[in-house]
1. If only one of TYR93, TYR73 is at pLDDT below 90, of a type in the set (Ser, Thr, Tyr) and within 30 Å of ALA129 (Cβ to Cβ), which one is it?
2. Given (1) surrounded by 12 or more Cβ atoms within 10 Å (Cβ to Cβ); (2) over 15 Å from THR150 (Cα atoms); (3) β-branched (Val, Ile, Thr), where does VAL88 come up short, assuming only one miss?
3. Looking only at segment 138-158, count every residue that is buried (at least 16 other Cβ atoms within 10 Å of the Cβ) and more than 19 Å from ARG89 (Cα to Cα) and tell me the total.
4. Given the structure, is SER117 at pLDDT 95 or above and of a type outside the set (A, V, I, L, M)?
5. Go over the candidates GLY126, GLY111, GLY105 one by one and state the one that is surrounded by fewer than 20 Cβ atoms within 10 Å (Cβ to Cβ) and in contact (Cβ under 8 Å) with a residue 40 or more places away in the chain.
6. Can you go through TYR73, TYR93 and tell me which one is of a type in the set (Ser, Thr, Tyr), more than 18 Å from VAL127 (Cβ to Cβ) and surrounded by 10 or more Cβ atoms within 10 Å (Cβ to Cβ)?
7. Please state which one of ASP62, ASP147, ASP48 is in a helix (DSSP H, G or I) and modelled with pLDDT of 90 or more.
8. Quick one: how many residues across segment 120-138 are at pLDDT 95 or above, of a type in the set (Val, Ile, Thr) and either touching a Pro at 6+ places or on another chain (Cβ under 6 Å) or over 15 Å from ARG80 (Cα atoms) (or both)?
Amino acid sequence: MGQSIPLMLVVITIVLAITVGILIFLVSRLRKKLRVFMNGKDGANLEDTLLGLTQKVSGLEDTLEAHKEGLEYIDARVKRSIRGYSLVRYNAYDNAGGEQSFASGLLDELGDGYVLSVITNRNHVGVYAKKIIAGKPETSLTNEEADALTQAKQPLNL
């Protein structure tokens with residue numbers, strides 16, 4: 001038993017020496033990787049790289065905000081543009097043929113717009129406009145004007 005204790009100490013010392021050697025090797029490899037990481041690809045250090053990325057992100061945020069404002073402006077303009085339209089031709093007078101008179105509905109996305117009527121005979125042409133707000137006329141409409149308004153509202157789902 002007297003010799004077993006020194007033999008165990010020798011074995012433990014060898015195992016510890018091998019473990020320390022492996023740990024030194026791993027730390028050395030880790031140190032090399034850390035040095036490459038901190039220096040960056042092109043020799044720039046990590047702080048400069050992060051600063052550059054932060055500036056790029058800030059620039060992208062400014063660009064994104066400008067695009068957002070532009071899209072909101074375009075969206076507002078599109079809503080006010082003519083989105084629903086129609087044309088109803090008819091004979092305004094019994095003795096005149098050819099359906100030369102017509103009513104036309106012109107509405108934006110909100111249902112605002114006009115019904116234009118053109119009444120034609122041989123001696124006279126009359127042009128009339130009736131305002132429409134939220135899909136409802138401000139004044140009474142003829143049957144043809146009401147048809148034109150109904151047809152103009154269909155693509156808008158009003």
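1. TYR93 is the lone residue from the list that is at pLDDT below 90, of a type in the set (Ser, Thr, Tyr) and within 30 Å of ALA129 (Cβ to Cβ).
2. Status for VAL88: all satisfied but (2).
3. 1
4. Answer is yes for this residue.
5. Answer to the check: GLY111.
6. TYR73
7. Selected residue: ASP147, the only one of ASP62, ASP147, ASP48 that is in a helix (DSSP H, G or I) and modelled with pLDDT of 90 or more.
8. 1
The values are calculated or read from the model by the stated rules, or taken from the named source; none is laboratory data. Please read all numbers here as calculations on a predicted model, not as lab measurements. Quick reminder, even Gly has a Cβ in these numbers, built from the backbone with ideal geometry, and neighbours come from all protein chains shown.
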